[in-house]
Amino acid sequence: MVEEVPLYVIKKDGSRQLFDRNKILNGLLRACNKRRVTRQQLDDIVLKVERNIRNTLAQEVPSVKIGEIILTELRNIDAVAYIRFASVYRQFGDLDSFMEELKSLMGNEKN
């Protein structure tokens, strides 16, 4: 049996916390509330995030990297859930930055 090395998340304030896949899942559940996203799709995102960061072989990963992976996955599943997650994760400071994100999302959907 292979034991996994503990993985730490470096938060925006510089603090470190043990990686907790449930925190990711809970954030996804909130973003996908009342959307047509299955629990299996959310579990798959969590698995992809964990696999992606463990494949780097680093023992510490910035929370920003985790958030970007999640956004990439959500963008492909549900635009509303993506915007919900992005609004919390990116903490838009004003309406203009929020609108820029919407425009970017809408531009990518046309392609």
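The values are calculated or read from the model by the stated rules, or taken from the named source; none is laboratory data. Because the structure is predicted, anything quoted here is derived from the model rather than measured. Reconstructed Cβ throughout: ideal geometry from the backbone, glycine too, with neighbour counts over all protein chains shown. For the accessible areas, the whole protein counts, side chains as well, though only heavy atoms, and no ligand, DNA or RNA atoms are used. Shrake-Rupley method; radii C 1.70, N 1.55, O 1.52, S 1.80 Å.
Only one of the listed residues (Phe85, Phe19) is aromatic (Phe, Trp, Tyr) and in contact with a helix residue (DSSP H, G or I) (Cβ under 7 Å, 6 or more places away or on another chain). That residue is Phe85.
Of the residues making up region 37-89, those that are of a type outside the set (A, V, I, L, M, F, W, C), out of contact with any strand residue (DSSP E or B) (no Cβ under 8 Å at 6 or more places or on another chain) and not in a helix (DSSP H, G or I) are Thr38, Asn55, Thr56, Asn76, Asp78. Scanning region 33-51 for residues that are surrounded by 14 or more Cβ atoms within 10 Å (Cβ to Cβ) and within 12 Å of the chain's Cα centre (by Cα) gives Leu42, Ile45, Val46, Lys48, Val49, Glu50.
Can you tell me which residue within region 1-32, out of those that are basic (Lys, Arg) and part of a loop (DSSP other than H, G, I, E, B), is surrounded by the most Cβ atoms within 10 Å (Cβ to Cβ)?
So the first thing to find is which residues in region 1-32 are basic (Lys, Arg), and the list is 11-12, 16, 21, 23, 30.
Now restrict to residues that are part of a loop (DSSP other than H, G, I, E, B): 11-12.
On the way: Lys11: 12, Lys12: 10.
In this case the residue turns out to be Lys11.
Among the residues here, Gly93 does not qualify as open to solvent by less than 60 Å² (accessible area, probe 1.4 Å) and more than 16 Å from the chain's Cα centre (by Cα).
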